[in-house]
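Input: a single structure, listed below in structure tokens.
The values are calculated or read from the model by the stated rules, or taken from the named source; none is laboratory data. If you're wondering where the values come from, they're calculated on a predicted model, not measured in any experiment. Methodologically, a virtual Cβ is constructed for each residue, glycine included, from the backbone with ideal geometry; neighbour enumeration extends over all protein chains shown.
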Amino acid sequence: MVWKELNAKYGMDLPLDYVNEDEISLDQFKVKAEEFIKHERDTENYIKERIDDNIMESDVLNLSLNTRSTKSVTYKKDCKGLGQYFKIKATYTINGKKIVKAKSSSIIYKTAANVANVYLTNIGKAQYSYLDSMRTLAVKYQAKVHFDSAFGSTGTLYAEFNYNG
């Protein structure tokens with residue numbers, strides 16, 4: 001009942017996979033669940049603002065690459081919303097002042113995730129988008145987020161990587 005109320009409060013429809021009542025009290029669950037749902041709402045709203053209005057599909061791009069100015073770079077960024085627990089590491093190719101190809105990405109667990117026993121399962125394939133006239137790479141994952149074996153739900157891990165040359 002608490003989960004439904006919190007979903008309604010924040011205009012969300014997140015599924016609740018399980019709640020282990022032996023691991024978490026109702027009061028603790030309310031606090032953690034509200035924090036999680038609020039982060040998910042904020043992340044989804046941010047993604048809609050950034051990507052939906054600014055998306056460019058990579059197969060539409062017509063770029064001529066100059067191999068002299070092409071290089072690969074790798075950076076790590078905290079995830080939006082769940083950044084206290086996870087980072088995303090992305091490797092991508094730049095040409096001049098633009099990001100021209102996402103090569104790979106991965107999720108990195110931070111110490112706080114290990115201490116709090118927050119973990120991911122059923123991690124989906126990375127989704128890449130190019131924003132800001134090809135100067136930003138957006139990386140998004142969907143996964144089941146588990147909080148100390150007390151409860152779990154589907155969550156979004158998202159980070160943006162800017163390149164300014």
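Structure notes:
- Residues that are over 24 Å from A138 (Cα atoms) and either part of a loop (DSSP other than H, G, I, E, B) or among the polar types (S, T, N, Q) (or both) within region 14-44 comprise P15, N20, E21, D22, E23, I24, S25, Q28, listed in sequence order.
- Taking every residue in region 108-129 that is of a type in the set (S, T, N, Q) and pairing it with any residue that is at pLDDT below 95, at least 6 positions away or on another chain, the pairs with Cβ-Cβ distances below 6 Å are N117/D148; S129/I51; S129/I55.
- Filter result for K80 (closer than 30 Å to Q28 by Cα, surrounded by 17 or more Cβ atoms within 10 Å (Cβ to Cβ), out of contact with any Gly (no Cβ under 8 Å at 6 or more places or on another chain) and charged (D, E, K, R)): yes
- For V145, the criteria (1) within 14 Å of the chain's Cα centre (by Cα); (2) among the β-branched types (V, I, T); (3) surrounded by fewer than 17 Cβ atoms within 10 Å (Cβ to Cβ) hold in every case but one, which is (3).
- Screening region 149-159 for residues that are within 12 Å of G83 (Cα to Cα) and touching a helix residue (DSSP H, G or I) at 6+ places or on another chain (Cβ under 7 Å) and picking the one that is surrounded by the fewest Cβ atoms within 10 Å (Cβ to Cβ) gives T156.
- Test result for K80, modelled with pLDDT of 90 or more and over 22 Å from Y163 (Cβ atoms): no
- Within region 11-45, being surrounded by 15 or more Cβ atoms within 10 Å (Cβ to Cβ) and among the hydroxyl-bearing types (S, T, Y) holds for one residue alone: T43.
- Between I99, I107, I94, the distinction of being modelled with pLDDT of 90 or more, among the β-branched types (V, I, T), touching a Gly at 6+ places or on another chain (Cβ under 8 Å) and in a strand (DSSP E or B) belongs to I94 only.
- Scanning region 33-71 for residues that are at pLDDT 85 or above and hydroxyl-bearing (S, T, Y) yields T43, Y46, T70.
- Residues that are surrounded by fewer than 14 Cβ atoms within 10 Å (Cβ to Cβ) and of a type in the set (G, A, S) within region 117-133 comprise G124, S133, listed in sequence order.
- Only one entry in S133, S106, S129 is touching a helix residue (DSSP H, G or I) at 6+ places or on another chain (Cβ under 6 Å) and within 16 Å of Y92 (Cα to Cα), namely S129.
- Taken over region 114-135, the criterion of being in a strand (DSSP E or B), modelled with pLDDT of 95 or more and out of contact with any His (no Cβ under 8 Å at 6 or more places or on another chain) is satisfied by Q127, Y128.
- Look at region 13-32: where a residue is at pLDDT 90 or above and a partner is among the β-branched types (V, I, T) and assigned to a helix (DSSP H, G or I), sitting 6+ places away or on another chain with Cβ atoms under 7 Å, you get L14/I37; F29/V2; K30/V2.
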